[in-house]
Amino acid sequence: MDDNKVYIAKLGKTVGLAGLLKVYIESDFPEQFKEGNSFVTNKQTTLVVESFNKKNQSIKFKDINHIDDAKKLINQLLYTSIEQTRQTCTLKQKEFFWFDMIGCEIVDDDSKVLGTIKEIHRYPPSDYLEIITDKSLTDTGLANSFLIPYLDLYIQKVDVENKKVFTQDCLGILQNS
């Protein structure tokens, strides 16, 4: 997928005979699945939502009216665009889109740059920022990458406009990695 695509769900088994599918949402914004919204699969098929049942996590797409049509979509991944995500998803205070945080510098307590966010992972009990360690630190023998829990204990401020995440006590995490 290109850089403009955001992974949001995986399609599962069929539900009934009328073309419904189970959907496994990987997004914090289920409101994206409202009628009329379109998504692209990993096989470059465009699908438009006809209906979404929040209770049983099933979805019906326009022109997918039979179980045989739905079976062709099993295990496909659904993507949306960054622009559509910004239009259909409302962030609360201290919430940020992952795609905005990737590439941000991690600046620890004393203005020391620890590295750059490569990816964000969802592990219990929280999300984790995967950091590619700054070369000046790897040259001293520290790990090439490490994880920072996305918790208020460590994350002090996120400034996506200036591509910086301010942290505290994360040098210790790196040193113990």
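The values are calculated or read from the model by the stated rules, or taken from the named source; none is laboratory data. Keep in mind it's a predicted model, so treat the numbers as computed, not measured. All Cβ positions, glycine included, derive from the backbone under ideal geometry; neighbour counts span all protein chains shown. Quick note on the areas: whole protein, heavy atoms, side chains included, nothing else; ligands and nucleic acids left out. Shrake-Rupley method; radii C 1.70, N 1.55, O 1.52, S 1.80 Å.
Is the stretch 98-177 rounded, prolate or oblate when judged by the Cα gyration tensor, a ≥ b ≥ c being the square roots of its eigenvalues, rounded requiring a/c under 1.5 and prolate requiring a/b larger than b/c? Display every interim value, and only then the final one.
Working: a/c = 1.43, a/b = 1.23, b/c = 1.16.
Rounded is the answer for the stretch 98-177, as its axis ratio a/c remains below 1.5.
Pairs over the 19 Å Cα-Cα cut-off, from the set LYS112/LYS157; LYS10/LYS163; LYS54/LYS94; LYS135/LYS157; LYS94/LYS164: LYS10/LYS163; LYS54/LYS94; LYS135/LYS157. Rounded to whole numbers, the Karplus 3J(HN,Hα) couplings from phi for the stretch 154-161 are 10, 8, 8, 7, 10, 10, 5, 4 Hz, using 6.51 cos²θ - 1.76 cosθ + 1.60 with θ = phi - 60°, and x at Gly and Pro.
Computing the accessible area with a 1.4 Å probe over protein heavy atoms, can you report the carbon and sulfur percentage for the stretch 66-165?
On the way: 2950 of 5890 Å².
Here carbon and sulfur together make up 50 percent of the probe-accessible area.
Return, ordered by residue number, the residues of the stretch 150-176 whose backbone nitrogen is under 17 Å from a label point located 7 Å along Cα→Cβ of VAL113. Zone members listed by number: 159-167, 171.
For every other residue with a beta carbon closer than 13 angstrom to the beta carbon of GLY103, add +1 if it is Lys or Arg and -1 if Asp or Glu, then tell me the sum. Net of charged neighbours comes to -4. Close amide H pairs (under 5 Å, H built 1.01 Å from N) link GLU119 with GLU130, residues at least 5 positions away or on another chain. Classify the stretch 1-126 from the C-alpha gyration tensor, please: rounded if a/c falls under 1.5, else prolate or oblate depending on whether a/b exceeds b/c. Judged from the Cα gyration tensor, the stretch 1-126 comes out prolate (a/c at least 1.5, a/b above b/c). With contacts taken as Cα pairs under 8 Å and at least 6 residues apart, the stretch 70-177 reaches a relative contact order of 22 percent.
Say a paramagnetic label sat at a point 7 Å from the Cα of ASP69, along Cα to Cβ; which residues of the stretch 12-37 have their backbone N under 11 Å from it? Residues passing the 11 Å test: 18-20.
Restricting the GluC sites (Glu not before Pro) of the stretch 1-45 to loop positions (DSSP other than H, G, I, E, B) with no more than 11 neighbouring Cβ atoms within 10 Å leaves GLU35.
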